[in-house]
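The values are calculated or read from the model by the stated rules, or taken from the named source; none is laboratory data. The shown structure was predicted, so the numbers you read here are calculated from the model rather than taken from an experiment. Please note: Cβ atoms are built from the backbone with ideal geometry, for glycine as well, and neighbour counts cover all protein chains shown.
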Amino acid sequence: MKTALKSSDKIAVPVIIALSIAVPVIVLVLMLLPERYNIFGTDSMTFPLFHGILNFLTAILLIVGYFFMKAEKYVQHRNTMITAFGLSAIFLVSYVLSKISNEPVPYGGDGMLRYVYFFILITHIVLSGIIVPLVLFTMYRGLSGQYKKHSKIARWTFPIWLYVAVTGVMVFLFMMPYY
């Protein structure tokens, strides 16, 4: 049985899909820039430290939001998750600015730690691309009152988003000596 799309879905779904494609493409293009333009005159540690803090706070908010949901405190859950989304949006804008501003810094570790770092980094990068549409659809479904759909997708979004936030902090900690 085919279900009719809500009128808001006819706008939101294509916008979410477009953003889900545009964001990783923009980040990839910026990473391949032949020249950097340090717009804010920052040193190489400024953006990564800010990103580490944003990821840490996002992870905390995700956990708190999860517990609010389990306690059926839905208003607090909504507000906490909106705040986590806001921090993630700030992170994304800042990350784009950092790619324009600073040359990539190579990881200098060796031995087993190098393998651990690259495993964390690669899974973090792959899941960062996947999390964009998941978060956007989860937020849209929750805010538009489509709670069954919200709940279904949130089961996937929450652990992946939390993993991305936590591994974002871990990548910063691994890289800190090299900034």
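Points worth noting:
- Residues of segment 99-131 that turn out to be within 28 Å of Glu35 (Cβ to Cβ) and either out of contact with any Ser or Thr (no Cβ under 8 Å at 6 or more places or on another chain) or modelled with pLDDT of 95 or more (or both), as a count: 16
Residue by residue, here is whether (1) within 13 Å of the chain's Cα centre (by Cα); (2) modelled with pLDDT of 95 or more holds:
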position: Phe47; (1), (2): no, no
position: Gly52; (1), (2): yes, yes
position: Phe56; (1), (2): yes, yes
position: Ile60; (1), (2): no, yes
position: Ile63; (1), (2): no, yes
position: Tyr66; (1), (2): no, yes
position: Lys70; (1), (2): no, yes
position: Tyr74; (1), (2): no, yes
position: Phe85; (1), (2): yes, yes
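- The set of residues in segment 70-84 that are surrounded by fewer than 16 Cβ atoms within 10 Å (Cβ to Cβ) and not hydroxyl-bearing (Ser, Thr, Tyr) comprises Lys70, Ala71, Glu72, Lys73, Val75, Gln76, Asn79, Ile82.
- Within segment 27-40, not a single residue is under 21 Å from Leu87 (Cα atoms) and among the hydroxyl-bearing types (Ser, Thr, Tyr).
- All of Gly168, Gly145, Gly129 fail the test of being in a loop (DSSP other than H, G, I, E, B) and either free of Cβ contacts under 8 Å to residues at least 24 places away in the same chain or of a type outside the set (Ser, Thr, Tyr) (or both), apart from Gly145.
- For Phe40, the conditions (1) surrounded by fewer than 16 Cβ atoms within 10 Å (Cβ to Cβ); (2) modelled with pLDDT of 95 or more all hold with the exception of (2).
- In the set Tyr178, Tyr163, Tyr140, Tyr147, only one residue is touching a Gly at 6+ places or on another chain (Cβ under 8 Å) and among the aromatic types (Phe, Trp, Tyr); that residue is Tyr178.
This table checks each residue for (1) under 11 Å from the mean Cα position of the chain (by Cα); (2) part of a helix (DSSP H, G or I); (3) free of Cβ contacts under 8 Å to residues at least 24 places away in the same chain.
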position	(1), (2), (3)
Val96	no, yes, no
Asp110	no, no, yes
Arg114	no, yes, yes
Thr123	no, yes, no
Val135	yes, yes, no
Lys152	no, yes, yes
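- Pairs are defined by a Cβ separation below 6 Å, a sequence spacing of at least 6 or placement on different chains, a first member in segment 16-32 that is closer than 25 Å to Ser144 by Cβ, and a second member that is aliphatic (A, V, I, L, M) and in a helix (DSSP H, G or I); the pairs so defined are Ile16/Leu136; Ser20/Val132; Val23/Val132.
- Hits in segment 116-129 (condition: under 10 Å from Pro24 (Cα atoms) and crowded, with 17+ Cβ neighbours inside 10 Å): Ser128
- Taken over segment 131-159, the criterion of being among the aliphatic types (A, V, I, L, M) and either under 16 Å from Val13 (Cβ atoms) or surrounded by fewer than 17 Cβ atoms within 10 Å (Cβ to Cβ) (or both) is satisfied by Val132, Leu134, Val135, Leu136, Met139, Leu143, Ile153.
- Of all the numbered requirements in (1) without any contact (Cβ under 8 Å) to a residue 24 or more places away in the chain; (2) under 30 Å from Ile11 (Cβ atoms); (3) in a helix (DSSP H, G or I), Val64 misses one, and that requirement is (2).
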